[in-house]
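Visitor: Questions regarding the structure given below will be posed in turn.
The values are calculated or read from the model by the stated rules, or taken from the named source; none is laboratory data. Here the structure is a predicted model, which is why all the values come from computation and not from measurement. Every residue, glycine among them, receives a Cβ derived from its backbone with ideal geometry; neighbour counts consider all protein chains shown.
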Amino acid sequence: MVGGGQGAFIGAVHRMAARLDESFELVAGALSSTPERSRASGAALGLERVYGTWEEMLAGESALPPERRIHAVSIVTPNHMHHPVALAFVRAGFAVVCDKPMTVTTLQARELEAAVAASGVVFAVTYNYTGYPLVKEARRLVADGVLGDLRKVVLEYHQGWLATRLEADGNKQAAWRADPAAAGLGGAVADIGSHAENLAATVTGLRVTELCGDLTPLVPGRQLDDDCNLLLRFEGGVKGVLVASQVAVGAENDLRITVSGSRGTLRWRQEEPNRLELALLEAPLQVYTRAGGPYLGSAAVAAARIPSGHPEGFIEAFANVYRNAARDIRLRAGEALLEGEPAPDYPGVSAGARGVAFVEAAVRSQALGSVWTEVG
């Protein structure tokens with residue numbers, strides 16, 4: 001692991017997710033931006049090998065015999081460090097699990113895509129909301145044509161934790177997100193809007209081709225947007241709206257998607273992840289549950305772990321990204337799929353690159369006066 005040391009929320013989440021299915025064991029790390037904090041964090045976690053910097057870790061692991069070196073690296077740093085770390089490890093032949101957004105520019109994203117294609121390594125991006133069983137079921141329903149011809153996608157992501165200027169009060173998580181040097185060009189649009197874009201692409205299979213963005217820092221003194229409103233145009237003429245805010249007082253982590261077609265509408269909400277609503281023309285409302293039995297598709301069934309009525313949530317969805325990445329590593333090493341086992345299913349480098357292009361287009365649209373802008 002690179003990053004994710006003491007005081008880092010997302011590092012702990014990644015560690016729990018990686019271990020949940022016994023898919024990975026964390027043995028080495030460069031866990032902080034200074035060698036001293038990195039070593040202290042590694043010692044606290046009882047790591048086998050602790051490095052002062054990620055460069056030391058790359059050199060040290062590369063020098064070990066194959067049976068001892070790491071199989072993959074998890075990158076959980078602030079955004080600006082994703083690209084250099086990921087690129088170096090990919091070029092050295094290591095699999096990568098990288099937090100989102102994958103990079104801070106499309107130029108970096110294209111370079112990373114090319115490196116992954118050249119090396120052939122597994123590369124996963126932790127758009128973790130795609131790991132929920134009923135998101136996979138929503139994708140199946142759309143792909144099977146249950147909604148008919150798609151017409152509109154409505155995306156909402158509401159948080160309230162940045163309603164005050166926490167970055168000025170020493171809050172570590174707020175500080176780097178509010179700093180363009182660490183976060184990149186986008187604030188809320190990159191931090192949570194990119195999740196919404198990925199959710200839409202996962203469920204519908206469609207890419208955003210154009211957008212019109214209104215990005216605003218509503219909290220005085222903040223440089224990056226904390227509130228964004230976007231009109232979207234998808235492939236095939238499908239229309240869309242995305243509203244994302246981190247200053248909606250009282251909101252916790254309220255991510256929602258509504259997809260409407262000529263024959264029906266489906267709705268899913270992250271804070272109620274074990275419920276998927278399907279409304280069809282001239283039919284009563286249908287409610288799918290996570291452990292719904294034979295009517296669920298194989299991908300949704302494979303993503304669930306416990307019996308009906310027992311809630312599964314955020315960590316389990318996150319773990320599905322890790323579990324599928326680990327399975328893909330084993331398959332590329334020569335293992336075979338088991339009978340009836342679905343192919344590994346996780347957001348890859350292309351999804352990461354698409355998300356970066358989406359953020360860049362939103363920022364560019366705002367800079368040009370909120371005009372329609374192509375997504376590269």
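Visitor: Every residue in the range 233-247 that is in contact with an Asp or Glu (Cβ under 8 Å, 6 or more places away or on another chain) and not charged (D, E, K, R), please.
Guide: First, the residues of the range 233-247 that are in contact with an Asp or Glu (Cβ under 8 Å, 6 or more places away or on another chain): 233, 242-247.
Of everything in the range 233-247, those that are in contact with an Asp or Glu (Cβ under 8 Å, 6 or more places away or on another chain) and not charged (D, E, K, R) turn out to be Leu242, Val243, Ala244, Ser245, Gln246, Val247.
Visitor: Out of curiosity, is Ser370 under 22 Å from Glu210 (Cβ atoms), crowded, with 23+ Cβ neighbours inside 10 Å and either in contact with a Pro (Cβ under 7 Å, 6 or more places away or on another chain) or in contact (Cβ under 8 Å) with a residue 40 or more places away in the chain (or both)? Outline the logic, then answer.
Guide: Values: under 22 Å from Glu210 (Cβ atoms): yes; crowded, with 23+ Cβ neighbours inside 10 Å: no; either in contact with a Pro (Cβ under 7 Å, 6 or more places away or on another chain) or in contact (Cβ under 8 Å) with a residue 40 or more places away in the chain (or both): yes.
No; evaluated as a whole, the condition is false for this residue.
Residues are listed down the side, and each one gets a yes or a no for (1) farther than 23 Å from Val349 by Cβ; (2) at pLDDT below 95; (3) under 23 Å from the mean Cα position of the chain (by Cα):
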site: Gly145; (1), (2), (3): yes, no, no
site: Val154; (1), (2), (3): yes, no, yes
site: Trp161; (1), (2), (3): yes, no, yes
site: Lys172; (1), (2), (3): yes, yes, yes
site: Ala188; (1), (2), (3): yes, no, yes
site: Ala201; (1), (2), (3): no, no, yes
site: Cys212; (1), (2), (3): yes, no, yes
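Visitor: Then there's this: Please go through the range 36-72 and give me each residue that is touching an Asp or Glu at 6+ places or on another chain (Cβ under 9 Å) and either of a type in the set (Lys, Arg) or free of Cβ contacts under 8 Å to residues at least 12 places away in the same chain (or both), ordered by number.
Guide: Result: Arg49, Arg68, Arg69.
Visitor: Which condition number does Ala117 fail, the rest of (1) over 20 Å from the mean Cα position of the chain (by Cα); (2) more than 21 Å from Lys100 (Cα to Cα); (3) part of a helix (DSSP H, G or I) being met?
Guide: Of (1) over 20 Å from the mean Cα position of the chain (by Cα); (2) more than 21 Å from Lys100 (Cα to Cα); (3) part of a helix (DSSP H, G or I), only one is false for Ala117: (2).
Visitor: Out of the range 227-277, which residues are in a loop (DSSP other than H, G, I, E, B) and among the β-branched types (Val, Ile, Thr)?
Guide: To start, the set of residues in the range 227-277 that are in a loop (DSSP other than H, G, I, E, B) comprises 238, 246-253, 262-263, 270-274.
Correct list: Val238, Val247, Val249.
Visitor: Could you give every pair whose Cβ atoms fall below 6 Å, whose first residue belongs to the range 167-180 and is under 11 Å from Leu224 (Cβ atoms), and whose second residue is hydroxyl-bearing (Ser, Thr, Tyr) and crowded, with 16+ Cβ neighbours inside 10 Å, counting only separations of at least 6 or pairs across chains?
Guide: That search, which allows pairs on different chains as well, returns nothing.
Visitor: While we're looking at this one, here's another question. Report, ordered by the first and then the second residue, all pairs with beta carbons closer than 9 Å, sequence separation of six or more or different chains, a first member in the range 328-356 that is over 18 Å from Val208 (Cβ atoms), and a second member that is aromatic (Phe, Trp, Tyr) and assigned to a helix (DSSP H, G or I).
Guide: Tyr346/Tyr322
Visitor: For the subset of the range 211-268 comprising residues that are touching a Pro at 6+ places or on another chain (Cβ under 7 Å) and not hydrophobic (A, V, I, L, M, F, W, C), which member is nearest to Tyr157 (Cα to Cα)?
Guide: Initially, the range 211-268 is screened for residues touching a Pro at 6+ places or on another chain (Cβ under 7 Å), giving 223-226.
With the extra rule that they be not hydrophobic (A, V, I, L, M, F, W, C), the set shrinks to 223, 225-226.
Numbers: Gln223: 20, Asp225: 14, Asp226: 12 Å.
Selected residue: Asp226.
For (1) loosely packed, with under 14 Cβ neighbours inside 10 Å; (2) in the same structural domain as Val154 (by TED's automatic domain parsing); (3) over 22 Å from the mean Cα position of the chain (by Cα), each residue gets a yes or a no:
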position	(1), (2), (3)
Leu232	no, yes, no
Ala279	no, yes, yes
Thr289	no, yes, yes
Val301	no, yes, no
Phe318	no, no, no
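Visitor: Would you confirm whether or not the range 213-229 contains a residue that is closer than 18 Å to Trp372 by Cα and hydrophobic (A, V, I, L, M, F, W, C)? Show your work before the answer.
Guide: Of the range 213-229, the ones closer than 18 Å to Trp372 by Cα are 213-216, 228-229.
Applying the additional criterion that residues be hydrophobic (A, V, I, L, M, F, W, C) yields 215, 228.
Yes, that holds for at least one residue.
Visitor: Would you point out which residue out of Leu215, Leu224 is touching a residue at least 24 places away in the same chain (Cβ under 8 Å) and in a strand (DSSP E or B)? It would help to see each step written out before you state the result.
Guide: On the way: Leu224 fails: in a strand (DSSP E or B).
None of the others qualify; the one that does is Leu215.
Visitor: I'd like to check something: does the range 6-20 contain any residue that is more than 24 Å from Ala190 (Cα to Cα) and among the aromatic types (Phe, Trp, Tyr)?
Guide: no
Visitor: Please name all residue pairs, on different chains or six or more residues apart, with Cβ atoms under 6 Å, provided the first residue is in the range 84-109 and is charged (D, E, K, R) and the second residue is at pLDDT 95 or above and in a helix (DSSP H, G or I).
Guide: Hits for this filter: Arg91/Ala115; Lys100/Ser194.
Visitor: OK, next. Pairs only if they're at least six apart or on different chains, beta carbon under 7 angstrom, first in the range 274-285 and closer than 30 Å to Arg305 by Cβ, second in a loop (DSSP other than H, G, I, E, B) and not hydroxyl-bearing (Ser, Thr, Tyr); list them, first residue then second.
Guide: Asn274/Arg290; Asn274/Pro311; Asn274/Glu312; Glu277/Leu285; Ala279/Leu285; Leu280/Arg263
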